[in-house]
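I have placed the structure first, in the form of structure tokens, so that the comments after it can refer back to it.
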Amino acid sequence: MPANTYAYRAFLENLLSYGKSAKASQLTSEMWYKDTSSHMEARIDDNAGFTKRKALIARSRIVDLTGKLHLDMFFQERYLLNGVDAKINLIRSKDAFALMAANDDFKIKIMDAALFVRKVRISNTVRMAHIKALERGTAKYPIKRIETKAFSVAIGSMSINKENLFLGQMPKRIFVGLVDNDAYNGVATKNPFNFKHNNIEFMALYVDGQQIPAKPLQPNFGRSRFIRSYSGLFTGSGKIFHDEGNDISREEYGNGYTVFGFDLTPDLSEAGHFHLIKHGNLRLEIHFSQALAETVSVVVYAEFDNIIEVDRNRNVIFDFAT
């Protein structure tokens, strides 16, 4: 996964998965402080999130952080068998991407880092049971496989028609957001997570020609009429009609947190269970009421159901094409 798209995966998973209490407590351990809507790129007190992060590192102060790695295997609930060769490759984003400042003179220096891994010691009885079970079959790990991709759209465009956004296995849910292209590539003066609405007036997905949703999203951000798009954050994440939230208000949605969610499951129930895998061709169509004022990057977060298997010889088997 490219370095920049990993950052968007981590951001969107935190943004959409946790509510206000978690973001105000445990997520602050990884410097999650919510940017103030309408002031996403302000480097003054108007942006409360930036102000808090700035205070932690002012005058080159050393700050300690801790957080989880946003990788597919780390989000499944089963223990990994012993003896499986697992490697983790970490690539840093550019400093200009990770920092907001008046210029590119500021740098990040990692003093030290540690990876904490939990290890479970099981009884000999359970271990023997595993050996016998592996003689008859493989250990199976159901995962939610995430693909995060991005593509650019030129300044002056009035529409987007992205063919073959996904070809083959279809995702079960998708989130789409637009950010400035230079912010995506890393420029210190801009916030790479400022998801602007860009005057979108139409958005829909097409799976083998079938439109999703049946009635396309047709927001009017100029008149603050975008409730179906806002509700998509909850239907797409399985939070709709539950006592859960994501700490994004209706007013904030149109001012820096404009992310569109789509539930592609057959029963429209993103409840954690597996669905029948469907293959096809997915197309994304977007229309703007005004021509794009600058080049943008369209960030797409997609989730798939897949299974990883481990055999008795600790060979890892997967086929993400199925």
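The values are calculated or read from the model by the stated rules, or taken from the named source; none is laboratory data. All figures in this text were calculated on a predicted structure; none of them were measured in a lab. Ideal geometry is used to build each Cβ from the backbone, glycine not excepted, and the neighbour counts take in all protein chains shown.
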Inset, instruction - Could you list all residues from region 216-237 that are among the hydroxyl-bearing types (Ser, Thr, Tyr) and assigned to a helix (DSSP H, G or I)? - result: Ser229, Tyr230, Ser231, Thr235
Inset, instruction - Just need a number here: residues in region 226-261 that are buried (at least 20 other Cβ atoms within 10 Å of the Cβ), on the phi > 0 side of the Ramachandran plot and touching a helix residue (DSSP H, G or I) at 6+ places or on another chain (Cβ under 6 Å). - result: 0
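Regarding Lys144, is this residue among the basic types (Lys, Arg), exposed (fewer than 15 other Cβ atoms within 10 Å of the Cβ) and closer than 30 Å to Asp180 by Cα?
no
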Inset, instruction - Answer with yes or no whether Asp45 is farther than 18 Å from Tyr257 by Cβ, assigned to a loop (DSSP other than H, G, I, E, B) and touching a helix residue (DSSP H, G or I) at 6+ places or on another chain (Cβ under 9 Å). - result: yes
Inset, instruction - Scan region 217-237 and report the pairs whose first residue is under 19 Å from Pro266 (Cα atoms) and whose second residue is in a loop (DSSP other than H, G, I, E, B) and basic (Lys, Arg), with Cβ atoms within less than 9 Å and a gap of 6+ or a chain change. - result: Leu233/Lys239
Inset, instruction - For Ile200, work out the one condition from (1) of a type outside the set (Asp, Glu); (2) at pLDDT below 95; (3) more than 30 Å from Asp319 (Cβ to Cβ) it doesn't fulfil. - result: (2)
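Within region 168-185, how many residues are farther than 26 Å from Ser93 by Cα, within 20 Å of the chain's Cα centre (by Cα) and either part of a strand (DSSP E or B) or hydroxyl-bearing (Ser, Thr, Tyr) (or both)?
So the first thing to find is which residues in region 168-185 are farther than 26 Å from Ser93 by Cα, and the list is 168-173.
Checking the rest, the ones that are also within 20 Å of the chain's Cα centre (by Cα) come to 169-173.
Right, trim to either part of a strand (DSSP E or B) or hydroxyl-bearing (Ser, Thr, Tyr) (or both) and you get 169, 173.
The total comes to 2.
Results for (1) within 30 Å of Arg173 (Cα to Cα); (2) among the β-branched types (Val, Ile, Thr); (3) in a loop (DSSP other than H, G, I, E, B), shown as yes or no for each residue.
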| site | (1), (2), (3) |
| --- | --- |
| Tyr6 | yes, no, no |
| Glu13 | yes, no, no |
| Ser29 | yes, no, no |
| Ser37 | yes, no, yes |
| Leu69 | yes, no, yes |
| Ile88 | yes, yes, yes |
| Arg92 | yes, no, yes |
| Lys109 | no, no, yes |
Inset, instruction - Within region 123-141, track down each residue that is loosely packed, with under 15 Cβ neighbours inside 10 Å and either hydroxyl-bearing (Ser, Thr, Tyr) or assigned to a strand (DSSP E or B) (or both). - result: Ser123, Thr125, Lys140
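With the structure loaded, tell me whether Ile91 is exposed (fewer than 15 other Cβ atoms within 10 Å of the Cβ), β-branched (Val, Ile, Thr) and without any contact (Cβ under 8 Å) to a residue 60 or more places away in the chain or whether it fails that test. Working first, answer last.
Working: exposed (fewer than 15 other Cβ atoms within 10 Å of the Cβ): yes; β-branched (Val, Ile, Thr): yes; without any contact (Cβ under 8 Å) to a residue 60 or more places away in the chain: no.
Considered against the rule, which asks whether it is exposed (fewer than 15 other Cβ atoms within 10 Å of the Cβ), β-branched (Val, Ile, Thr) and without any contact (Cβ under 8 Å) to a residue 60 or more places away in the chain, Ile91 comes out as no.
It is to be established whether one or more residues within region 263-276 are within 24 Å of Phe75 (Cβ to Cβ), aromatic (Phe, Trp, Tyr) and part of a strand (DSSP E or B). So that I can check it myself, show each step before the final result.
Pass one, region 263-276, residues within 24 Å of Phe75 (Cβ to Cβ): 263-276.
When the remaining residues are screened for being aromatic (Phe, Trp, Tyr), the result is 274.
Imposing the further condition that a residue be part of a strand (DSSP E or B) reduces the set to none.
No, the conditions are met nowhere in region 263-276.
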Inset, instruction - Name the single residue, out of those in region 238-255 being acidic (Asp, Glu) and not in a loop (DSSP other than H, G, I, E, B), that is farthest from Asp35 (Cα to Cα). - result: Glu251
Inset, instruction - Determine the pairs where a residue that is touching a residue at least 24 places away in the same chain (Cβ under 8 Å) and closer than 13 Å to Leu80 by Cα, located within region 108-127, has a partner that is assigned to a loop (DSSP other than H, G, I, E, B) and not basic (Lys, Arg) with Cβ atoms under 6 Å apart, the partner being 6 or more residues away or on another chain. - result: Val120/Tyr79
Inset, instruction - Could you pull out the residue among Pro192, Pro213 that is in a strand (DSSP E or B) and not polar (S, T, N, Q)? - result: Pro213
Legend entry - Sole exception among (1) surrounded by 15 or more Cβ atoms within 10 Å (Cβ to Cβ); (2) part of a strand (DSSP E or B); (3) modelled with pLDDT of 95 or more for Leu292, by number: (2)
